[in-house]
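Computed from the coordinates by the stated procedures, all read-outs in this text should not be read as laboratory data. Just so it is clear, the structure is predicted and the values come from calculations on it, not from any experiment. We place every Cβ from the backbone using ideal geometry, glycine too, and count neighbours over all the protein chains shown.
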Amino acid sequence: MTKNKSNTNDYFNCMSYLSQYWPEECENSKVWQENRWLLKCYIEVAKILNKDKQAGKGFQALEISTGPTLAPLIPFLELLDSIQLSDYSPTNRKILRTIDINYWKKYIVAVLKLENKKKNSTSVKRRLALLDNFRKQKILDVDIKAEKPFPDLVNYEKFNLFIMHFVADSITENKREYYDILKKVLKMLNPSNHLIMSSLIDCKTWDDGVSKYPSPKLSIKEIETFLLKNNFDIKFAKQSHIEHGVGLDGGMGVILAQKKASI
Ligand SMILES: C[S@@+](CC[C@H](N)C(=O)[O-])C[C@H]1O[C@@H](n2cnc3c(N)ncnc32)[C@H](O)[C@@H]1O
């Protein structure tokens, strides 16, 4: 496996990953079928969380490894009081901070369409400004395999929403390694906190357009079972019927889980 990485500390080729999975021309891209499915799941998850928001609960989110990718946040923007972005790779953190924010404009228009909301220049500008504001704040360095994943974070208490899209499942070779990481993430959450997670499903490999990487061939049912055993309720779980996505030898799933309130 040859890794043509942009920085020796990067996990993969960040620009190649971005253009393969989240190209600027969103609805005209060959990966749109998958991204449309993901964004529709995130919209459904946002609707579930919106009930808590309506009940007066704001969300302070921590995203574990955002990658170079801001599109998955678009359905959640109006729900968040704050979000702390992070990534393992210095190049991803730089892309997040410096990319022209208009790169994500077509995704905002597409999400508004999927939400059946009015897509006028005010609604697009509003979400673009929220997205720009969130990504301008300090982006943390994270190594989820390390004993202390976030060296700059004192505690996780200030967050009540944890987000992790295609991370533990994309950086592990076997299930033992995957569940060790997931367990570490679950420990960050307090009772009633939520976890939104996307995962490769039935996948042994995925690629960034340059190199191939392993994935532990997870099933959505086994992830759900693990979450239930670890004191979480499942509020949303869906698996895509797309069997071989662009760059993948399998499919994808999205889960929203909530840690049970302490008795
Ligand atoms: C498949 S990408 C997912 C990125 C983004 N969340 C998305 O959905 O597009 C996997 C991410 O995990 C990050 N990563 C690699 N090794 C890591 C580690 N040890 N700890 C935390 N993140 C890591 C990579 O930098 C990359 O951003």
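Things to note:
- Rounded Å value of the spacing that divides the Cα centres of the stretch 146-184 and the stretch 18-50: 23 Å
- Cα-based reach from K158 at 21 Å (exclusive), listing lysines while leaving out same-chain residues under 8 positions away: K51, K53, K57, K136, K138, K148, K183, K184, K187, K259, K260
- Projected over all directions and averaged, the alpha-carbon convex hull of the chain occupies 13.5 nm².
- Virtual paramagnetic centre 7 Å along Cα→Cβ of K184, amide N under 15 Å, in the stretch 74-99: 87-89
- Surface/4 estimate of mean projected area, convex hull on alpha-carbon atoms of the stretch 178-247, nm²: 5.3 nm²
- DSSP beta bridges in the stretch 128-233 [antiparallel fraction, %, rounded to 5]: 40 percent
- Tail beyond 21 Å, pair distance distribution of the stretch 8-148 (Cα, percent): 44 percent
- Taking other Cβ atoms within 10 Å as a rough exposure proxy, R36, R97 sort from fewest to most as R97, R36.
- With contacts taken as Cα pairs under 8 Å and at least 6 residues apart, the chain reaches a relative contact order of 19 percent.
- The chain - mean residue ellipticity at 222 nm from DSSP helices (-39,500 (n - 2.57) per run, n ≥ 4, rounded to 500): -10500 deg cm²/dmol
- The chain: antiparallel DSSP beta bridges as a percent of all, rounded to 5: 60 percent
- Report note on the peptides 145-152, 213-220, 193-200: ranked by the mean count of other C-beta atoms within 10 Å, highest first, their order is 193-200, 213-220, 145-152.
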